[in-house]
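One structure is given here, and the rest of the page talks about it.
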Amino acid sequence: LPRSATAVARGKTSLLCIQPGGFLLKIRRDPTFAFELLQSLSARIRLTNERLLGSVKEGQVDQESLRKILDKGAA
């Protein structure tokens, strides 16, 4: 699906545009690409979790609100 957000580069950036159906082909041709993508995505999830927990500890988000946020993500 199309992105639901915008992105802005903070520095020199390389962009890889993949046409529909090309993603699986890219993974088949370059398994390292898939591994690096998974590493990047898991690092982003880890960072997001740390930020959410930090917000709860600082009182910016209460535990019930956090639970609702996480429940929406699981749906």
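The values are calculated or read from the model by the stated rules, or taken from the named source; none is laboratory data. Not measured: the values here are computed from a predicted model. Backbone-built Cβ (ideal geometry, glycine too); neighbour counts: all protein chains shown. Ligands, DNA and RNA are stripped out before the accessible areas are found, and what is left, the full protein with its side chains, is counted by its heavy atoms. Shrake-Rupley method; radii C 1.70, N 1.55, O 1.52, S 1.80 Å.
Side notes on the structure shown:
- For the stretch 42-64, the condition of being farther than 30 Å from L16 by Cβ, among the hydrophobic types (A, V, I, L, M, F, W, C) and either at pLDDT 85 or above or open to solvent by 60 Å² or more (accessible area, probe 1.4 Å) (or both) holds for at least one residue.
- Filtered by the rule that a residue be open to solvent by 100 Å² or more (accessible area, probe 1.4 Å) and modelled with pLDDT of 85 or more, the stretch 4-38 gives V8, R10, K12, S14, L24, R28, R29, F35, E36, L38.
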